[in-house]
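In what follows, a structure is listed as structure tokens, so that the remarks can point back to it.
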Amino acid sequence: MVIDLDKCTGCGACSVACMSENNIGVLHNETDKIRSITWMRVYQIDNGKAFPDTEVAFIPRPCMHCQGGKSGTPGQAFFQEGPMDEAAHPPCVSVCPATATDYDEDTGIVSQIPTRCIGCRYCVAACPYHARYFNWYDVPWPKGSPRALSPFVSPRMRGVVEKCTFCFQRYQAARNKAMVSGGEVGEMDYQTACTEACPSGAITFGQLQNPEHKVHKLISSDYTFRLLERLHTNPKVYYMSKREWVRKMADNYVTRHNKFAQAAAQSGH
Amino acid sequence: MRRWLDDLPKYADDSSWWPKGTKRCRPEVFLIWLGLPLTLLAYFSVGAVLCLALGLNQTNMNDYFAFGVWIVVDLAVIALGAGAFFTSFLNYIVGKTELKPIVNAAVLIGFICYVGAILMLGIDIGQPIRGWFGFWHANVHSMLTEVMFCITTYAIVLTIELLPSVLDNKRISRVPEFGTFSHNLHTIMIVFAAAGTFLSFFHQGSLGGMFGVLYARPFAARGGLGIWPWTFFLFIMSAIAVGPSFTTMVVMITEKISGRKLTKHSVKMLMGKISGWLLVVYMVFKSADTLWWAYIKLPAAGLTLDSMYQAPYGFWLLWVEIGLCGWLPALMLVQEKIRASYGWMFVAMLLACIGITLNRFVFTIQSLALPVLPFEKFYSYLPSWQEWGIASLVLGFGLLVFMLAYRYLPIFPQEPELND
């Protein structure tokens, strides 16, 4: 996924579409932002300057679907050096004691199995992006509202962790369709809800390693970066901005050479 | 007060259950004393019912502080309870039989710490009914899986290690079958001591490893050896260093409250000496780890030590942990003069225990408190009264079990001769 921060207006349509697509409930008190659930959260940042030089940017933040492991060289990495260096190693996956989350080597998606989750929250502690959410409350579904839920995504129960899945149910549907037609999953066959909902076209989704896909071209731009590259989480969400202060605010101090070396090792969406 | 208590009618006489050659307070007085742990357990019950019925929204934890006071207390009591495995190891396997008079107490304290921690963890997880998933769907790559397996199995080992003390009760041992069983258990105790050492060694390490592997959390992340981060080894070293101190402290507190001598001072001094030298070794490695983290690891990630210590979690925490409650008690305990003094040895041991509790606190809370994303806000955390209620379980349960054990079980074999 590539998100162009210069196009994002912070409207929140991506968050709303995500909540609707993935059956995310609305709690009694949604102002308690450190307990409410927003798979696609939009951060607001500014350049810290006074009017009239003030500039604002919005950073939509889904799960980064980190690949870990393969990025950078072991010597530089903030990463356990060892045999697992060669395998995908997202910060949150190996920590789960009950195998309730997994990394799919084919799609590059970090999955979450709420019915397997015991609610220990170790993965929440491991994620530096705060992309994982614990269900602190029972969702107070208003009367009749369950009939409006998507039948393709299970609502989660209290006491488990949930997160963005890159609308995996849409991938499953596209894969089934391709299987029946005998073709392959095309770029436009699988698009996430947030990508479709963005009115300014700031979000682009596709296969990072497929030269035919738009995201592949976008990530080779000089203006793309990822959040917390230095920690070598190797995320699959790239951001774009021509504004230098925005790129610096995202902690992007990795050299251009290293960035391309890491992008080359990237797989999946 | 004492006169008033003496005037109370005698409802029951349980002296036939007391350990041989010992004296205990009257049952009425004992019942009054029991009020303290029972009050704490009642407080715990209220918190537990609320958290189980209404969910973990009863706590002040949130998506930023995924772990709270329960994990801090868990880690701390498991470290402090390490006296059980290490004293058993020294007594049964290394052959340091001078420690025999304190082994029972160490095992009892270990049992309390581990069972208390497991009970608390049962409430800490969001889906307690699925607790067994960690065993059934075990992820072998997770440090937490290893912790779950080892603390559960070690709690069973501790129960078996404690069993001979229960069976050696004056009345219970009169039953021939129990007496024989207890005798046979004594003869094979070395097997359980070895099993306990193995299990405890690994989960103490894995508890540290749990934090060291969080490679995207710069405060906790460490390099290491193979799949084990340095925190794995540091947690083992710190646990075996303070475990004997905590056991000795509890014995000293019991002596002061009961007014009876329970073990010879030479035994306590030996425990202090073991604790002191192990603490020195631990502090050497801990200091080296801190320096390496501050000057190599953090700069490599574009961070500075300053950014790791923000109010209210400032540098004072580092100085208190490593200086006041680390090097100071270590250097105190290695001196025989200090160990010879009942009071000074107690102070040194107390400082060591506070230091290790602080270490567990910073790894749990400070690791999570520091925002990693540069545009993220700093949040602070204070536990809710329900959380304190559940955290008080270890104290309430511990006091209850220890009081009952002290009254009825031959935990301190030297007590009769020391109080003749």
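Quick note: the coordinates plus some simple rules give every number you see, no bench work behind them. Because the structure is predicted, anything quoted here is derived from the model rather than measured. Neighbour counts run over all protein chains shown; Cβ positions are idealised from the backbone, glycine included.
Can you give the % of DSSP beta bridges in the protein assembly as shown that are antiparallel, to the nearest 5?
Of those bridges, close to 80 percent are antiparallel.
Which entries in A:7/A:214; B:100/B:273; B:23/B:96; A:7/A:163; A:7/A:49; B:100/B:261 show an alpha-carbon gap greater than 18 Å?
B:23/B:96; A:7/A:163; A:7/A:49
Short version: what are the Cα gyration tensor semi-axes of chain B, square root of 5 times each eigenvalue, largest first, in whole Å?
Square roots of five times the eigenvalues give 37, 25, 22 Å.
Would you list which aspartates and glutamates come within 17 Å of residue B:256, measuring only between C-alpha atoms, while excluding same-chain residues fewer than 8 positions from it?
Partners within reach: B:415.
Sort out for me the Cα centre separation of region A:34-48 from region B:316-393, rounded to whole Å.
The two parts, judged by their Cα centres, are 33 Å apart.
Given 37 °C and 0.692 mPa s, compute D for the protein assembly as shown with the Stokes-Einstein relation, Rh being the Kirkwood radius over Cα pairs; round to the nearest whole µm²/s.
Approximately 119 µm²/s, per Stokes-Einstein.
Which residue, B:359, B:169, B:62, has the most motion in a Gaussian network model of chain B that connects Cα atoms within less than 10 Å?
B:62
With the contact rule set at Cα under 8 Å and sequence spacing of 6 or more, what percent relative contact order holds for chain A?
About 27 percent, as a whole number.
Among A:216, A:200, A:38, flag the residue with its Cα farthest along the positive direction of the charge dipole of region A:2-264, charges on Cβ as +1 for Lys/Arg and -1 for Asp/Glu.
A:38
Return the single residue from B:51, B:325, B:25 with maximal mean-square fluctuation; model: Gaussian network over chain B, springs between Cα atoms under 10 Å.
In the Gaussian network model the winner is B:25.
Once the piece of chain linking residue B:30 and residue B:132 is laid out straight, how much longer is it, given 0.36 nm per residue of separation minus the C-alpha distance between them?
Net length gain for the segment: 32.9 nm.
Modelling each spin label as a point 7 Å along the Cα-to-Cβ direction, I'd like the residue B:159/residue A:16 distance in nm, to one decimal.
Label-label distance for residue B:159 and residue A:16, simple model: 5.6 nm.
For region B:149-181, list residues with backbone N below 13 Å from a point placed 7 Å from the Cα of residue B:16 toward its Cβ?
Output list for this probe position: B:170-175.
Under the rule of at least 5 residues apart or a separate chain, name every residue whose amide H is placed under 5 Å from the amide H of residue A:238.
A:2, A:3
Hey, with R₀ at 30 Å, roughly what FRET efficiency would residue B:175 and residue B:94 work out to, going by the Cβ-Cβ distance, to 0.05?
Plugging the Cβ-Cβ distance into 1/(1 + (r/R0)^6) gives 0.35.
Per-residue ellipticity at 222 nm for the protein assembly as shown, helices alone: DSSP H runs ≥ 4 residues times -39500 (n - 2.57), over residue total, nearest 500 deg cm²/dmol?
That comes out to -14500 deg cm²/dmol.
Starting from the Cα of residue B:227, step 7 Å along the direction of its Cβ; do the same at residue B:310; then give the gap between the two resulting points in nm.
Taking the two extended label points, one gets 3.4 nm.
Quick one: if the Förster radius is 22 Å, what FRET efficiency do residue A:51 and residue A:243 give, using the C-beta to C-beta distance and rounding to 0.05?
Here the calculated transfer efficiency is 0.80.
Considering the zone a paramagnetic label at residue B:190 would reach in this model (a point 7 Å from Cα along the Cα-to-Cβ line), which residues of region B:66-109 have amide N under 14 Å from it?
B:89-97
Would region A:2-264 count as rounded, prolate or oblate if I go by the C-alpha gyration tensor, calling it rounded below 1.5 in a/c and otherwise prolate when a/b exceeds b/c, oblate otherwise?
It is rounded, given that a/c, with a ≥ b ≥ c, falls under 1.5.
May I ask you to list the residues of region B:21-48 whose amide nitrogen lies under 17 Å from a point 7 Å from Cα along the Cα→beta-carbon direction of residue B:260?
B:21-34
Roughly how many Å is it from the Cα centre of region B:75-96 to that of region B:242-313, as a whole number?
One Cα centre to the other: 15 Å.
Pull out a ≥ b ≥ c, the square roots of the eigenvalues of the alpha-carbon gyration tensor of region A:188-248, then state rounded if a/c is under 1.5, prolate if not and a/b is larger than b/c, and oblate in the remaining case.
In terms of gyration-tensor shape, prolate.
Who wins for biggest fluctuation among B:230, B:17, B:327 in a Gaussian network model of chain B, springs between alpha carbons below 10 Å?
B:17
Show me the helices of chain B, taken as full DSSP H stretches, that run 24 Å or more along their long axis by Cα and average 1.0 or above in Kyte-Doolittle hydropathy.
Membrane-span-like by this criterion, though nothing is claimed about a membrane: B:27-54, B:100-124, B:143-167, B:189-212, B:230-258, B:342-361, B:385-408.
In nm, give the distance between the simple-model label positions of residue B:331 and residue B:45, each being 7 Å from the Cα along the Cα-to-Cβ direction.
Taking the two extended label points, one gets 5.0 nm.
Show me the GluC sites (Glu not before Pro) within region A:141-234 that DSSP assigns to loop and that have at most 12 other Cβ atoms within 10 Å of their Cβ.
A:184, A:212
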